[in-house]
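Down below is the structure, laid out as structure tokens.
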Amino acid sequence: MGMGGVHYIVDFLDCRCEMERLNDATEIEAFIVPLVNSSGLTYLYHYSYQFYECDGTTKAGFSTFVMLAESHISFHTWSETRKVNCDIFACNFTKDNSNSVDFIYKFLAQYFNSYDPKLTIISRY
């Protein structure tokens, strides 16, 4: 039996992107569908939750979940510490999706401009 899937667990630390990328979900929502489609995975839907400062109007990070036919992607931004926790998982039921997951990881590493990414790769069986 082959590998059942590939699971990237990433902590993008010391993100030096524009603060808006860490605070506002709308920017990542604008490119998530083209990114997934370019990777060869199958986008189904996504949902974001926007966090706000105590004033109720200043954006202060977000969590986004992307449902794929193959599994999921999730983001949790921490703008106050300039980090993003990310989870990218794709099952390999009909084909090996390792390159697709790696494509998304590399794009996000550049997008968030992480100077200290911590990547754990788990082969799922």
Seminar exercise, completed: Going fewest to most other Cβ atoms within 10 Å around each Cβ, PHE75, PHE31 line up as PHE31, PHE75
Exercise. Summing +1 for each Lys or Arg and -1 for each Asp or Glu, what net charge is found among the other residues whose Cβ lies under 14 Å from the Cβ of HIS46?
Worked result: -3
For this session: Provide the packing ranking of 106-119, 58-71, i.e. peptides ordered by the mean count of other C-beta atoms within 10 Å per residue, highest first.
Result: 58-71, 106-119
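Given Cβ point charges of +1 (Lys, Arg) and -1 (Asp, Glu) and nothing else, what value in debye, to the nearest 20, does the dipole of region 5-124 about its Cα centre take?
Working: 9 positive and 15 negative charges, 73 e Å.
With Lys and Arg at +1 and Asp and Glu at -1, about 360 debye.
For PHE12, what is the net charge nearby, where nearby means another residue's Cβ is under 10 Å from its Cβ and Lys, Arg count +1, Asp, Glu -1? Before the final figure, lay out the partial values.
Values: positive: ARG82, LYS83, LYS118; negative: ASP11, ASP14, ASP116.
Taking every other residue near PHE12 into account, the sum is 0.
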For this session: Measure nothing but the geometry: give the 0 to 90° angle between the long axis through the Cα atoms of 98-112 and the longest principal axis through the Cα atoms of the chain, rounded to 10°.
Result: 10 degrees
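Using DSSP to call loops (not H, G, I, E or B), can you name the GluC sites (Glu not before Pro) in region 1-52 whose Cβ has at most 13 other Cβ atoms within 10 angstrom? List each step's numbers first, then the result.
Values: sites: GLU18, GLU20, GLU27, GLU29; in loops: GLU18.
Here the sparse-neighbourhood loop sites are GLU18.
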Exercise. How much net charge surrounds ASN99 when only the other residues with a Cβ under 15 Å from the Cβ of ASN99 are counted, with Lys and Arg +1 and Asp and Glu -1?
Worked result: -1
Exercise. Over all distinct alpha-carbon pairs, what is the Kirkwood Rh of the chain in angstrom?
Worked result: 14.8 Å
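Rule-based calculations on the coordinates, nothing more; no lab input. These numbers come from a predicted model, not from an experiment. Ideal geometry is used to build each Cβ from the backbone, glycine not excepted, and the neighbour counts take in all protein chains shown.
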